[in-house]
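The values are calculated or read from the model by the stated rules, or taken from the named source; none is laboratory data. Computed from a predicted model, the values in this text were never measured in an experiment. Neighbour counts run over all protein chains shown; Cβ positions are idealised from the backbone, glycine included. SASA here: full protein model, heavy atoms, side chains in, ligands and nucleic acids out. Shrake-Rupley method; radii C 1.70, N 1.55, O 1.52, S 1.80 Å.
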Amino acid sequence: MGSFIEDFFKGRDTGLVIDWTQMPTYNTIMAVAAGAGLIFMYMLGRALVRDRDFKAEGWALTAGVLGLILTTTGLHMTLEWPFAMYFPFDNIVFGEPSLAFGVLLLAASLYLWKRGDQIVGADDRAAEAAAVARPMGIFVLGMGLALFGIALAGLVFQLFAAPAEEPISGIVADYPMIEAIFMSLLFAFVGLGAALFPVALRGFSSTRPLTGVAKLVGVTWLVTGIIFLLFGAMNFFTHIGLIVNTMQ
(Lines give C-alpha, C1' and ligand atoms only; values in the text may rest on other atoms or scores of the structure.)
Protein backbone atom coordinates (compact mmCIF):
# COMPACT_ATOMS: atom_id res chain seq x y z
CA MET A 1 0.00 0.00 0.00
CA GLY A 2 2.86 2.36 0.85
CA SER A 3 4.45 1.79 -2.54
CA PHE A 4 1.18 2.60 -4.31
CA ILE A 5 0.76 5.87 -2.39
CA GLU A 6 4.36 6.83 -3.16
CA ASP A 7 3.86 6.08 -6.87
CA PHE A 8 0.54 7.94 -6.85
CA PHE A 9 2.05 11.22 -5.71
CA LYS A 10 5.59 10.99 -7.10
CA GLY A 11 5.18 9.03 -10.32
CA ARG A 12 7.29 6.06 -11.36
CA ASP A 13 10.82 6.74 -12.57
CA THR A 14 11.57 4.55 -15.59
CA GLY A 15 14.54 6.56 -16.80
CA LEU A 16 12.69 8.75 -19.32
CA VAL A 17 14.58 11.96 -20.10
CA ILE A 18 12.92 14.82 -22.00
CA ASP A 19 14.63 17.81 -23.57
CA TRP A 20 12.26 20.48 -22.29
CA THR A 21 13.73 23.10 -24.59
CA GLN A 22 11.98 21.11 -27.35
CA MET A 23 8.85 20.43 -25.31
CA PRO A 24 7.17 23.67 -24.23
CA THR A 25 3.85 23.17 -22.49
CA TYR A 26 1.22 25.43 -21.02
CA ASN A 27 -2.02 23.53 -21.56
CA THR A 28 -2.32 23.85 -17.77
CA ILE A 29 -3.58 27.43 -17.83
CA MET A 30 -5.39 26.71 -21.10
CA ALA A 31 -7.37 23.89 -19.45
CA VAL A 32 -8.25 26.08 -16.45
CA ALA A 33 -9.32 28.96 -18.69
CA ALA A 34 -11.29 26.65 -21.02
CA GLY A 35 -13.05 25.06 -18.06
CA ALA A 36 -13.83 28.47 -16.58
CA GLY A 37 -15.06 29.58 -20.00
CA LEU A 38 -17.49 26.68 -20.28
CA ILE A 39 -18.79 27.36 -16.77
CA PHE A 40 -19.03 31.04 -17.72
CA MET A 41 -21.23 30.19 -20.72
CA TYR A 42 -23.60 28.26 -18.47
CA MET A 43 -23.69 31.03 -15.85
CA LEU A 44 -24.19 33.73 -18.49
CA GLY A 45 -27.10 31.86 -20.01
CA ARG A 46 -28.62 31.34 -16.57
CA ALA A 47 -28.17 35.02 -15.70
CA LEU A 48 -29.79 36.16 -18.95
CA VAL A 49 -32.80 33.97 -18.22
CA ARG A 50 -33.20 34.50 -14.47
CA ASP A 51 -31.34 37.54 -13.12
CA ARG A 52 -33.54 40.60 -12.88
CA ASP A 53 -30.56 42.82 -12.02
CA PHE A 54 -28.34 41.73 -14.89
CA LYS A 55 -25.01 43.62 -14.93
CA ALA A 56 -23.39 43.23 -18.33
CA GLU A 57 -20.07 44.85 -17.37
CA GLY A 58 -18.99 42.06 -15.02
CA TRP A 59 -19.79 39.40 -17.59
CA ALA A 60 -17.95 41.38 -20.27
CA LEU A 61 -14.80 41.64 -18.14
CA THR A 62 -14.86 37.92 -17.33
CA ALA A 63 -15.27 36.97 -20.99
CA GLY A 64 -12.45 39.34 -21.90
CA VAL A 65 -10.01 37.88 -19.36
CA LEU A 66 -10.70 34.28 -20.37
CA GLY A 67 -10.80 35.14 -24.06
CA LEU A 68 -7.44 36.92 -23.91
CA ILE A 69 -5.74 33.94 -22.22
CA LEU A 70 -7.18 31.40 -24.65
CA THR A 71 -6.64 33.52 -27.75
CA THR A 72 -2.99 34.34 -27.07
CA THR A 73 -1.97 30.86 -25.94
CA GLY A 74 -4.11 29.15 -28.57
CA LEU A 75 -2.78 31.39 -31.36
CA HIS A 76 0.82 30.72 -30.37
CA MET A 77 0.27 26.98 -30.14
CA THR A 78 -1.62 26.94 -33.44
CA LEU A 79 1.04 28.85 -35.42
CA GLU A 80 4.21 27.49 -33.78
CA TRP A 81 4.50 24.25 -35.71
CA PRO A 82 5.35 21.83 -34.26
CA PHE A 83 4.80 23.38 -30.86
CA ALA A 84 6.23 20.34 -29.07
CA MET A 85 8.66 18.07 -30.92
CA TYR A 86 7.41 14.94 -29.15
CA PHE A 87 3.68 15.71 -29.45
CA PRO A 88 3.05 17.80 -32.59
CA PHE A 89 -0.63 16.87 -32.55
CA ASP A 90 -1.01 19.17 -29.51
CA ASN A 91 -1.12 22.07 -31.99
CA ILE A 92 -4.43 20.72 -33.29
CA VAL A 93 -5.83 19.08 -30.16
CA PHE A 94 -5.27 21.95 -27.72
CA GLY A 95 -4.16 24.97 -29.73
CA GLU A 96 -6.88 25.31 -32.34
CA PRO A 97 -9.95 24.73 -30.10
CA SER A 98 -8.50 27.15 -27.52
CA LEU A 99 -7.98 29.77 -30.20
CA ALA A 100 -11.54 29.35 -31.48
CA PHE A 101 -13.06 29.50 -28.00
CA GLY A 102 -10.89 32.47 -27.05
CA VAL A 103 -11.93 34.55 -30.05
CA LEU A 104 -15.60 33.72 -29.41
CA LEU A 105 -15.23 34.86 -25.80
CA LEU A 106 -13.56 38.09 -26.92
CA ALA A 107 -16.46 38.72 -29.30
CA ALA A 108 -18.91 38.08 -26.46
CA SER A 109 -16.94 40.45 -24.24
CA LEU A 110 -17.09 43.23 -26.83
CA TYR A 111 -20.83 42.75 -27.34
CA LEU A 112 -21.63 42.67 -23.63
CA TRP A 113 -19.50 45.76 -23.00
CA LYS A 114 -20.84 47.83 -25.91
CA ARG A 115 -24.46 46.66 -25.90
CA GLY A 116 -25.05 45.91 -22.23
CA ASP A 117 -27.74 48.59 -21.92
CA GLN A 118 -29.54 47.20 -24.97
CA ILE A 119 -29.63 43.74 -23.39
CA VAL A 120 -30.85 45.04 -20.03
CA GLY A 121 -33.56 47.14 -21.68
CA ALA A 122 -34.91 44.34 -23.86
CA ASP A 123 -38.25 42.73 -23.04
CA ASP A 124 -36.61 39.33 -23.48
CA ARG A 125 -32.91 39.60 -22.62
CA ALA A 126 -32.12 35.98 -23.48
CA ALA A 127 -33.83 36.17 -26.88
CA GLU A 128 -32.03 39.46 -27.63
CA ALA A 129 -28.64 37.87 -26.94
CA ALA A 130 -29.60 34.72 -28.85
CA ALA A 131 -30.55 36.74 -31.93
CA VAL A 132 -27.11 38.36 -31.97
CA ALA A 133 -25.32 35.03 -31.42
CA ARG A 134 -27.31 33.11 -34.03
CA PRO A 135 -25.01 33.81 -37.03
CA MET A 136 -22.02 32.63 -34.97
CA GLY A 137 -23.80 29.32 -34.45
CA ILE A 138 -22.44 28.10 -37.79
CA PHE A 139 -18.85 28.33 -36.55
CA VAL A 140 -19.74 26.88 -33.14
CA LEU A 141 -21.39 23.93 -34.87
CA GLY A 142 -18.28 23.42 -37.02
CA MET A 143 -16.04 23.44 -33.96
CA GLY A 144 -18.38 20.96 -32.26
CA LEU A 145 -17.88 18.57 -35.15
CA ALA A 146 -14.13 19.21 -34.96
CA LEU A 147 -14.18 18.23 -31.28
CA PHE A 148 -15.87 14.96 -32.26
CA GLY A 149 -12.94 14.40 -34.63
CA ILE A 150 -10.44 15.06 -31.84
CA ALA A 151 -12.30 12.66 -29.55
CA LEU A 152 -12.25 9.94 -32.21
CA ALA A 153 -8.54 10.50 -32.85
CA GLY A 154 -7.89 10.24 -29.13
CA LEU A 155 -9.47 6.79 -29.04
CA VAL A 156 -8.07 5.46 -32.31
CA PHE A 157 -4.49 6.62 -31.70
CA GLN A 158 -4.60 6.37 -27.89
CA LEU A 159 -3.64 9.99 -27.31
CA PHE A 160 -3.53 11.82 -23.95
CA ALA A 161 -1.81 8.99 -22.03
CA ALA A 162 0.58 10.34 -19.41
CA PRO A 163 4.06 8.78 -19.03
CA ALA A 164 4.90 6.82 -15.92
CA GLU A 165 7.05 9.71 -14.65
CA GLU A 166 4.04 12.01 -14.29
CA PRO A 167 2.61 12.03 -10.76
CA ILE A 168 -1.00 10.86 -10.30
CA SER A 169 -1.82 10.45 -14.01
CA GLY A 170 1.23 8.22 -14.51
CA ILE A 171 -0.31 5.52 -12.34
CA VAL A 172 -2.32 4.33 -15.37
CA ALA A 173 0.57 4.74 -17.85
CA ASP A 174 0.46 1.00 -18.58
CA TYR A 175 -3.19 1.35 -19.59
CA PRO A 176 -3.20 4.22 -22.12
CA MET A 177 -6.83 3.67 -23.09
CA ILE A 178 -7.99 4.85 -19.64
CA GLU A 179 -6.85 8.43 -20.08
CA ALA A 180 -7.61 8.28 -23.80
CA ILE A 181 -11.24 7.41 -23.03
CA PHE A 182 -11.46 10.01 -20.26
CA MET A 183 -10.14 12.90 -22.33
CA SER A 184 -11.93 11.82 -25.51
CA LEU A 185 -15.25 11.77 -23.66
CA LEU A 186 -14.56 15.26 -22.35
CA PHE A 187 -13.91 16.58 -25.85
CA ALA A 188 -16.94 14.72 -27.20
CA PHE A 189 -19.34 16.15 -24.62
CA VAL A 190 -18.06 19.69 -25.13
CA GLY A 191 -18.52 19.05 -28.86
CA LEU A 192 -22.06 17.83 -28.24
CA GLY A 193 -22.94 21.10 -26.55
CA ALA A 194 -21.34 23.07 -29.38
CA ALA A 195 -23.12 21.02 -32.07
CA LEU A 196 -26.48 21.62 -30.37
CA PHE A 197 -25.78 25.30 -29.71
CA PRO A 198 -27.55 26.63 -32.85
CA VAL A 199 -30.66 24.62 -31.99
CA ALA A 200 -30.55 25.75 -28.36
CA LEU A 201 -30.56 29.41 -29.44
CA ARG A 202 -33.98 28.98 -31.05
CA GLY A 203 -35.60 28.23 -27.71
CA PHE A 204 -33.48 30.54 -25.58
CA SER A 205 -35.80 32.96 -23.81
CA SER A 206 -36.25 34.68 -20.46
CA THR A 207 -40.05 34.89 -20.88
CA ARG A 208 -40.80 31.31 -21.96
CA PRO A 209 -39.72 27.94 -20.54
CA LEU A 210 -36.38 26.75 -21.84
CA THR A 211 -36.34 23.89 -24.32
CA GLY A 212 -34.79 20.57 -23.45
CA VAL A 213 -31.97 21.20 -25.94
CA ALA A 214 -31.05 24.51 -24.27
CA LYS A 215 -30.99 22.82 -20.87
CA LEU A 216 -28.88 19.94 -22.24
CA VAL A 217 -26.30 22.35 -23.71
CA GLY A 218 -26.09 24.22 -20.40
CA VAL A 219 -25.67 21.11 -18.26
CA THR A 220 -23.16 19.57 -20.69
CA TRP A 221 -20.95 22.65 -20.63
CA LEU A 222 -21.28 23.09 -16.88
CA VAL A 223 -20.20 19.52 -16.09
CA THR A 224 -17.36 19.41 -18.63
CA GLY A 225 -16.26 22.89 -17.56
CA ILE A 226 -15.93 21.80 -13.94
CA ILE A 227 -13.94 18.72 -14.97
CA PHE A 228 -11.62 20.73 -17.24
CA LEU A 229 -11.11 23.34 -14.51
CA LEU A 230 -10.22 20.75 -11.86
CA PHE A 231 -8.12 18.66 -14.26
CA GLY A 232 -6.16 21.73 -15.37
CA ALA A 233 -5.60 22.82 -11.78
CA MET A 234 -4.34 19.31 -10.90
CA ASN A 235 -1.97 19.44 -13.87
CA PHE A 236 -0.14 22.39 -12.34
CA PHE A 237 1.19 19.80 -9.88
CA THR A 238 1.47 16.81 -12.18
CA HIS A 239 3.21 18.67 -15.02
CA ILE A 240 5.72 20.21 -12.62
CA GLY A 241 6.36 16.71 -11.28
CA LEU A 242 6.81 15.36 -14.80
CA ILE A 243 9.38 18.05 -15.59
CA VAL A 244 11.29 17.40 -12.37
CA ASN A 245 11.26 13.63 -12.96
CA THR A 246 12.48 13.86 -16.56
CA MET A 247 15.00 16.73 -16.56
CA GLN A 248 18.46 15.93 -17.85
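Annotation: per residue accessible area for the stretch 37-165 equals 52 Å², rounded to a whole number [probe 1.4 Å, protein chains only]. For the stretch 21-162, what percent of Cα pairs sit more than 20 Å apart? Here the tail beyond 20 Å accounts for 52 percent of pairs.
Calculate I(q)/I(0) for the stretch 176-248 by the Debye formula, one identical point scatterer on each C-alpha and no solvent, and give its log10 at q = 0.20, 0.21 Å⁻¹ to two decimals. Scattering profile of the stretch 176-248, log10 relative to I(0): -0.88, -0.92.
Across the stretch 136-146, coupling constants 3J(HN,Hα) worked out from phi with the 6.51/-1.76/1.60 Karplus curve, θ = phi - 60°, read 6, x, 4, 5, 4, 4, x, 5, x, 5, 4 Hz, and Gly and Pro carry x. The chymotrypsin sites (Phe, Trp or Tyr not before Pro) of the stretch 27-95 meeting both criteria, a DSSP state outside H, G, I, E and B (loop) and at most 14 other C-beta atoms within 10 angstrom of the site's C-beta, are Tyr86. Taking only the C-alpha atoms of the stretch 114-203, the Rg (one decimal) and the largest Cα-Cα distance, Dmax (whole number), read 19.0, 57 Å.
With θ taken as phi - 60° and the Karplus curve 6.51 cos²θ - 1.76 cosθ + 1.60 applied, the whole-hertz 3J(HN,Hα) list for the stretch 96-112 is 5, x, 5, 4, 4, 5, x, 5, 4, 5, 5, 5, 5, 4, 4, 5, 5 Hz, x standing for glycine and proline.
Computed on the stretch 91-248, with alpha-carbon pairs under 8 angstrom and 6+ residues apart, the relative contact order is 24 percent.
Evaluated at q = 0.10, 0.14, 0.16 Å⁻¹, the base-10 log of the normalised Debye intensity for the chain, with identical point scatterers placed on the Cα atoms, takes the values -0.52, -0.92, -1.13.
Positive-end ranking of Ala200, Met143, Pro163 along the dipole of the stretch 115-248, with charges on Cβ about the Cα centre, is headed by Ala200. Placing +1 on the Cβ of every Lys and Arg and -1 on the Cβ of every Asp and Glu, with nothing else charged, gives the stretch 39-131 a dipole about its Cα centre of roughly 200 debye.
Across His76, His239, the residue with the most accessible area heads the list, and the full order at a 1.4 Å probe is His76, His239.
Its Cα gyration tensor gives the stretch 38-96 an equivalent ellipsoid; the semi-axes, largest first and in whole Å, are 34, 11, 5.
Solvent-accessible area assigned to carbon and sulfur over the chain amounts to 70 percent, based on a 1.4 Å probe.
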